[in-house]
Ligand SMILES: *Cc1c(COP(=O)(O)O)cnc(C)c1O
């Protein structure tokens, strides 16, 4: 509270006009960064070990402490730069692919791709799923009234490429195949490149769509090699911006054939693209603050070494988490041959004194936010290690988990 008052006092001291000129000289920005990073009692205190929303850096947050008009030359340039940078992050050529931002959370971009990539009549979709986010792909089609076959795999397994092959052989009736890269409900990484190659080999006209929400930017993925036509992610996953928009990396040769497909005005990815190309402006109110923050997040991403650097930090976070939890006796939901490093699911321990709600609340009191499980066939909780999290944060979380277990009179290490 005291530091919040301090910030309020600081803001009151600045006259409005000096504030904006201060901003230009970055004085205000620097002060805010300093405030946010040193203060003990502010809204950034809680560490989010979740699948999203995720923690962001003080400098990313402070980058959005200003208002910008949607037609401002600076904003127009910002949109242009962000789209270009996203194509770079995707590792594809700007001549063949484009990045189209879409207002809203990740699911908005998912729905926009289905709306835009599917013909208005006789559309048929095939979804491979092994968890809640894969199921959501099927749900979007259902709600749209599109015919969809959802093929399910166990939640603790990959989507099986052999089975995919046998299903696709001799069935050319699908317009689009969709699946999730990192199934955030369990942590499984799916073989999206192998599936994409099969889709193109067995049904060359079929569109291939990957939900790369929780992997884009942190898990190396060859979009070309995987024959991916559309890939979506959002501002607040591994690129560590604040929530507010999502985006599609779209193959131009596909997107150009999508004019007039969408039955939704706001989710029309083609129209959004067309307008951005012509004017560099969004069709409807753009998420200006979110985009300011996102630009900063992209700069920090590049500074960390792009996909290589970010994946290295997340892998280190994950391996510290896994060995620390193992030491305490917690059991992972997935077998060790799974190599996912975004989020880890843990089985509820078999200790009579364990109670998830208490465990969650006691960690929360220590400003550590974990997440309930999202798999159907086991009682689990999840610990994510993406977002603005570093090895020291994971070590501190492990210490807190140990303390909470002791407080709950659980026996450590837990019995198998
Ligand atoms: C986070 C996430 C989404 C999008 O969820 P929103 O709540 O709409 O942002 C979709 N798919 C996966 C795999 C995700 O991790």
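The values are calculated or read from the model by the stated rules, or taken from the named source; none is laboratory data. The model shown is predicted, which means the values in this text are computed figures rather than measured ones. Note that each Cβ is placed from the backbone with ideal geometry, even for glycine, and that neighbours are counted across all protein chains shown.
Inspect region 250-263 for any residue being closer than 30 Å to residue 122 by Cβ, modelled with pLDDT of 95 or more, touching a helix residue (DSSP H, G or I) at 6+ places or on another chain (Cβ under 9 Å) and within 16 Å of the ligand (Cβ to nearest atom) and give the result as yes or no. The answer is no; no qualifying residue exists. Note on region 349-403: residues that are outside any helix (DSSP H, G or I) and either touching a strand residue (DSSP E or B) at 6+ places or on another chain (Cβ under 9 Å) or within 26 Å of residue 60 (Cβ to Cβ) (or both) total 23.
Given the condition surrounded by 24 or more Cβ atoms within 10 Å (Cβ to Cβ) and under 15 Å from the mean Cα position of the chain (by Cα), answer yes or no: does some residue in region 250-259 qualify?
First pass over region 250-259, keeping only residues surrounded by 24 or more Cβ atoms within 10 Å (Cβ to Cβ): 250.
Checking the rest, the ones that are also under 15 Å from the mean Cα position of the chain (by Cα) come to none.
For region 250-259, residues surrounded by 24 or more Cβ atoms within 10 Å (Cβ to Cβ) and under 15 Å from the mean Cα position of the chain (by Cα): absent.
The residue list 180, 188, 151, 219 contains one member that is within 16 Å of the ligand (Cβ to nearest atom), touching a strand residue (DSSP E or B) at 6+ places or on another chain (Cβ under 6 Å) and within 30 Å of residue 332 (Cβ to Cβ), which is 180. Helices (runs of 4 or more DSSP H) fully within region 266-341 that include at least 1 residues being closer than 22 Å to residue 385 by Cα: 288-303, 306-328.
Does region 51-58 contain any residue that is surrounded by fewer than 22 Cβ atoms within 10 Å (Cβ to Cβ), at pLDDT 95 or above and away from the ligand (no atom under 16 Å from the Cβ)? Yes, region 51-58 contains a residue that is surrounded by fewer than 22 Cβ atoms within 10 Å (Cβ to Cβ), at pLDDT 95 or above and away from the ligand (no atom under 16 Å from the Cβ).
Residues are listed down the side, and each one gets a yes or a no for (1) within 16 Å of the ligand (Cβ to nearest atom); (2) without any contact (Cβ under 8 Å) to a residue 24 or more places away in the chain:
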| position | (1), (2) |
| --- | --- |
| 90 | no, no |
| 94 | no, yes |
| 98 | no, no |
| 106 | yes, no |
| 110 | yes, no |
| 113 | yes, no |
| 119 | no, no |
| 123 | no, no |
| 126 | no, no |
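The lone criterion from (1) within 15 Å of the chain's Cα centre (by Cα); (2) in a loop (DSSP other than H, G, I, E, B); (3) within 16 Å of the ligand (Cβ to nearest atom) left unmet by residue 233 is number (2). Looking only at residues that are assigned to a loop (DSSP other than H, G, I, E, B) and within 12 Å of the ligand (Cβ to nearest atom) in region 203-216, which one is farthest from residue 134 (Cα to Cα)? My answer is 216. Scanning region 147-161 for residues that are part of a loop (DSSP other than H, G, I, E, B) and in contact with a helix residue (DSSP H, G or I) (Cβ under 6 Å, 6 or more places away or on another chain) yields nothing.
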